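**Q** Input: one structure, supplied below.
The values are calculated or read from the model by the stated rules, or taken from the named source; none is laboratory data. Quantities reported herein were computed from a predicted structural model and do not represent experimental measurements. Please note: Cβ atoms are built from the backbone with ideal geometry, for glycine as well, and neighbour counts cover all protein chains shown.
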Amino acid sequence: MKRLSLQWRITLMTVLLIGAACVSMKLLICSSGVHYMDSIGNSIQGYTSGGEPAFFDPEAAGVTDDLTIVIHGAQEDFCMTNWYITAAVTVLSGILAYFVSGRALKPLRSFASQVEQVQLNNLADMKINEDVLPEFKQLSQSFNRMLERLNNAFAAQRQFTGNAAHELRTPLALMQAQLELFSAEHPDVRPETAEFLTLLREQTERLTQMTKTLLEMSNLRQVARNEHLQLAPMVEEIFTDLAPLAEKRSITLEAEGDAALTGSDALIYRLLFNLTENAVKYNRPGGSVRVSVTQELEKLLLRVSDTGCGIPEVYQRSIFQPFFRVDKSRSREYGGAGLGLSLVWEIADLHGGSVWVEKSSEKGTTIAVELPTQ
């Protein structure tokens, strides 16, 4: 019963109610009809051979008596006809209840359809129609107020993130410069001190990259997305930028296909770069990374495949959340902060697309991105 739709529940309850009413009505009508038929039969008078009147007894009468056959046949036909009428009325009422309940639930379906269109990037513009039935009006108003509160909360979060990242950028740059200067002026420090300075530089660089990513994420919606882009040259440029890292780990880079779309050059480049860089970083030494682009009618499909150890199925949805890392020790080794794939998801969503793990096993992982071409 829990898996049935509301329309079917209303239909079944209506059928049961109508069926019970029809059965009760049938029993009462049938009982009344039989009673009156018996009264008619008992009222019929026969005559004995002496001419004295006697009450007609249908039980005692012979089977050849025409009147007895007519009365008994009428009773049976009356009861069966009532059952047929009850069944027909119940079935027809159920069909009628199904369509009537569907009509009654139309505002709810309309509400659900509007809710489905709500996305993170259109909270400010998305409003549920409040010109509905009184039962749904309060629900629509409450939902619209919730969207407004969510939009304000996300706006405040983005503003805070952008302000914090902007304020952190200057002191981090000064720290990096001081560390580099100290290391250059004191090349003969003790091994323990040199190791400590290296650790400081690595962690400062990690914080700088995290701050840069946070600043990019907070300013995504301010970037124009009306440039005409060709992906094949962009992929080659990314391969050139990642060539030193790929050579260090003996990773082979392969590209296939081309497509054109309208969007932000800087953001699409960042999306491709992050996916390819992750595929190189978390690959097996001597493995390969393949970037394929497929042009379709009104969209394109981008796939980045590696030969790494794969992503457990339980984590395949979580990897696109901010600061999530499957293997924290490996991410720390490569300077990851758990924001790269989150930025990929934000960019794809901002362009009206989506990103997901298409397949993943011990032989490698393929991440797919679908983007509209216009």
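**Q** In the range 256-300, what residues are of a type in the set (D, E, K, R) and in a helix (DSSP H, G or I)?
**A** Just the residues of the range 256-300 that are of a type in the set (D, E, K, R), to begin with: 256, 258, 265, 270, 277, 281, 284, 290, 296, 298-299.
Matches in the range 256-300: D265, R270, E277, K281.
**Q** Scanning for something surrounded by fewer than 14 Cβ atoms within 10 Å (Cβ to Cβ) and closer than 26 Å to C309 by Cα, does the range 256-276 turn up at least one residue?
**A** Among the residues of the range 256-276, at least one is surrounded by fewer than 14 Cβ atoms within 10 Å (Cβ to Cβ) and closer than 26 Å to C309 by Cα, which makes the answer yes.
**Q** Take the residues of the range 11-47 that are at pLDDT 75 or above and of a type in the set (V, I, T): which is nearest to D77 (Cα to Cα)?
**A** The extreme case among them is I29.
**Q** Going through the range 235-252 one residue at a time, which ones are of a type in the set (S, T, N, Q) and closer than 15 Å to S288 by Cβ?
**A** Of the range 235-252, the ones of a type in the set (S, T, N, Q) are 240, 250, 252.
Within the range 235-252, S250, T252 meet the criteria.
**Q** What's the number of the only condition in (1) modelled with pLDDT of 85 or more; (2) under 27 Å from A243 (Cβ atoms); (3) loosely packed, with under 15 Cβ neighbours inside 10 Å that S354 fails to meet?
**A** Of everything listed in (1) modelled with pLDDT of 85 or more; (2) under 27 Å from A243 (Cβ atoms); (3) loosely packed, with under 15 Cβ neighbours inside 10 Å, S354 misses just condition (2).
**Q** Which of the residues belonging to the range 217-241 are within 14 Å of L275 (Cβ to Cβ) and modelled with pLDDT under 90?
**A** Selection gives D241 alone.
**Q** Another question about this same structure. From the list A232, A255, A260, which one is under 17 Å from V293 (Cβ atoms) and touching a His at 6+ places or on another chain (Cβ under 8 Å)? Lay out the reasoning, then the answer.
**A** Numbers: A232 fails: touching a His at 6+ places or on another chain (Cβ under 8 Å); A255 fails: touching a His at 6+ places or on another chain (Cβ under 8 Å).
Result of the check over A232, A255, A260: A260.
**Q** Sticking with this one: Has the range 241-257 got at least one residue that is under 30 Å from Q157 (Cβ atoms) and under 31 Å from the mean Cα position of the chain (by Cα)?
**A** In the first step, residues of the range 241-257 are kept if they are under 30 Å from Q157 (Cβ atoms); the result is none.
No, the range 241-257 has no match at all.
**Q** Hey, any hits in the range 216-229 for a residue that's charged (D, E, K, R), surrounded by 13 or more Cβ atoms within 10 Å (Cβ to Cβ) and either touching a His at 6+ places or on another chain (Cβ under 8 Å) or not in a helix (DSSP H, G or I) (or both)? Can you show your working first?
**A** If we filter the range 216-229 for residues that are charged (D, E, K, R), which is where we start, we get 216, 221, 225, 227.
Still in the list and also surrounded by 13 or more Cβ atoms within 10 Å (Cβ to Cβ): 216, 225, 227.
If we keep only those that are either touching a His at 6+ places or on another chain (Cβ under 8 Å) or not in a helix (DSSP H, G or I) (or both) as well, we get 225, 227.
So far as the range 216-229 goes, yes, one or more of its residues are charged (D, E, K, R), surrounded by 13 or more Cβ atoms within 10 Å (Cβ to Cβ) and either touching a His at 6+ places or on another chain (Cβ under 8 Å) or not in a helix (DSSP H, G or I) (or both).
**Q** Taking E195 as the residue in question, decide whether it is under 30 Å from M210 (Cβ atoms), in a helix (DSSP H, G or I), of a type in the set (D, E, K, R) and modelled with pLDDT of 75 or more. Write out each step before concluding.
**A** Values: under 30 Å from M210 (Cβ atoms): yes; in a helix (DSSP H, G or I): yes; of a type in the set (D, E, K, R): yes; modelled with pLDDT of 75 or more: yes.
Here the answer is yes, as E195 does meet what is asked.
**Q** How many residues does the range 128-177 hold that are surrounded by 13 or more Cβ atoms within 10 Å (Cβ to Cβ), of a type in the set (G, A, S) and within 22 Å of the chain's Cα centre (by Cα)?
**A** Matching residues across the range 128-177 total 1.
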